[in-house]
Amino acid sequence: MAKVYVPCRRPESWRPLLTSPQIHWRIGRSAYELAHSWQGATGFPASIVRVMDESPFNELHDLELLLALPERAVALPGGLAASRIDVFALARGSDGLVAVGVEGKEREPFDVKVQKWLAADGPGRAKRLEYLARVLQLTADDLAEIEYQLVHRTVATILEARRFSAQRAVVLIHSFSGDRLTSFDAFHRFARLLETDVQPGRIARVGLRDELELYLVWVPDTPRPQNHAGAPEGVLLEALGWLRDAYREHRFFKERDVEATLQQRMSELFEERRSDWRVYESFRIPGKLLDLAVVDRRDLTTVRLAVELKYEPARARGERDLLARKFPVVAWSEVIKDVEDLRRAVADRVTDIGYALLLDEGGYWRDRRREPSFGAWDHWGVVGKDGLDPAVLMTRLSPSSNGTQRSTPGST
């Protein structure tokens, strides 16, 4: 396992860490909700802070989050797959380090019970179960009716706590079911076996396990509010807002690079919503190839949203010699043509909505066309010491517009 970790800047940075991103990265699923809850907090998420600070255990009050590792893989004896803690967090408490193993839940169960897991084919299962039971100070028979995921996640949290020389280990179920206590009965049975009692929002102390103080807690939470329902226009604007925030992380050489980045982000946003909308490049309509088109996969005859994009690179990108031979890259007449083509496509009902975009990375066209006769500039701001100063001239075409409407990236 690699020992070098790179900080995540945004929730979607968690997506590639999942074993099956296209299945598990969905709005409402625990992986998605965990990422947004934890990435959006300055320390522990507010729901967890509230439960910890209201607990009767002073040693868990005012915890300072030191690091959080998504999808932390912990090797266990038995020769089978590692236990993957959804989030392993290390915190500083009043009397030492506290390790927190977080398992996210929405409506997902805690997998199969131990006896069913043990009966399945696979090398080393009896050896692994014997080890897990020993750490928990139980027997294999004690664990037979307990969900296997709870057992190995708890032991994995204890092992990681020891690895980091923590004095306490907390197994925390971060539930996004609100008042629906999906899977809580399984957690409650597990706690009773460990001779303690759990209630939603209340920490229970188990006692010493493997020379560590062990705690269990179920933290209720709610899914992240969505700022739009997933319609094509809302997705485009959210993708543009994302590109604005993540701009410094990309290096574009040509127009198609920008198109591909938008296409990928829009596709991810549709996938998160289990949507039938698809984003296609170079999509043919009568008399034209659209840079990007959003089409219902069940009906490819109607374009719901059409995008034409032009990209003017900044000389500050570093390709000064090349750009000096052809600068500007974009001709203003091409920008005007994009607007007129989309205006005609909307009028002919080839598409419901059209967006003509000019991404001006260094301010060349913004400085020369400050008040264009169509659309409006959205200045994204200087993004780095290299002098990149991107702005987007955005023109929205629809049956009710005249091509001067402006939509702000990240809004609907």
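Here's a check for you: in the range 73-98, which residue that is of a type in the set (A, V, I, L, M) and in contact with a Lys or Arg (Cβ under 7 Å, 6 or more places away or on another chain) is surrounded by the most Cβ atoms within 10 Å (Cβ to Cβ)? Before you say what the answer is, go through the steps one by one.
Step one: filter the range 73-98 for residues of a type in the set (A, V, I, L, M), giving 73-76, 80-82, 85, 87, 89-91, 97-98.
Add one more test, that the residue is in contact with a Lys or Arg (Cβ under 7 Å, 6 or more places away or on another chain), and what stays is 73, 76, 80, 85, 98.
On the way: 73: 14, 76: 19, 80: 15, 85: 25, 98: 27.
In this case the residue turns out to be 98.
If you scan the range 194-210, which residues turn out to be under 15 Å from residue 169 (Cβ atoms), touching a residue at least 60 places away in the same chain (Cβ under 8 Å) and touching a helix residue (DSSP H, G or I) at 6+ places or on another chain (Cβ under 7 Å)?
203, 209, 210
Of all residues in the range 251-266, how many are of a type in the set (S, T, N, Q) and either buried (at least 17 other Cβ atoms within 10 Å of the Cβ) or part of a strand (DSSP E or B) (or both)? Write out each step before concluding.
Of the residues in the range 251-266, the ones of a type in the set (S, T, N, Q) are 261, 263-264.
Restricting the remaining residues to those that are either buried (at least 17 other Cβ atoms within 10 Å of the Cβ) or part of a strand (DSSP E or B) (or both) gives 261, 263.
Going through the range 251-266 one residue at a time, the tally reaches 2.
Checking the condition at pLDDT 90 or above, more than 33 Å from the chain's Cα centre (by Cα), within 30 Å of residue 300 (Cα to Cα) and of a type in the set (A, V, I, L, M), which residue from 356, 345 passes?
The conditions single out 345.
Can you tell me which condition residue 191 does not meet? The list is (1) in the same structural domain as residue 137 (by TED's automatic domain parsing); (2) without any contact (Cβ under 8 Å) to a residue 40 or more places away in the chain; (3) touching a Phe, Trp or Tyr at 6+ places or on another chain (Cβ under 8 Å), and all the others hold.
Unmet condition: (3).
In the range 276-317, which residues are in contact (Cβ under 8 Å) with a residue 60 or more places away in the chain, in a helix (DSSP H, G or I) and not small (Gly, Ala, Ser)?
Result: 317, single match.
Let's see how each residue does on (1) within 23 Å of residue 100 (Cβ to Cβ); (2) assigned by TED's automatic domain parsing to the domain that holds residue 103; (3) surrounded by 15 or more Cβ atoms within 10 Å (Cβ to Cβ):
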residue	(1), (2), (3)
119	no, yes, no
122	no, yes, no
127	no, yes, no
130	no, yes, no
136	yes, yes, yes
140	no, yes, yes
144	no, yes, no
147	yes, yes, yes
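The values are calculated or read from the model by the stated rules, or taken from the named source; none is laboratory data. Because the structure is a prediction, the values reported are computed rather than measured. Every residue, glycine among them, receives a Cβ derived from its backbone with ideal geometry; neighbour counts consider all protein chains shown.
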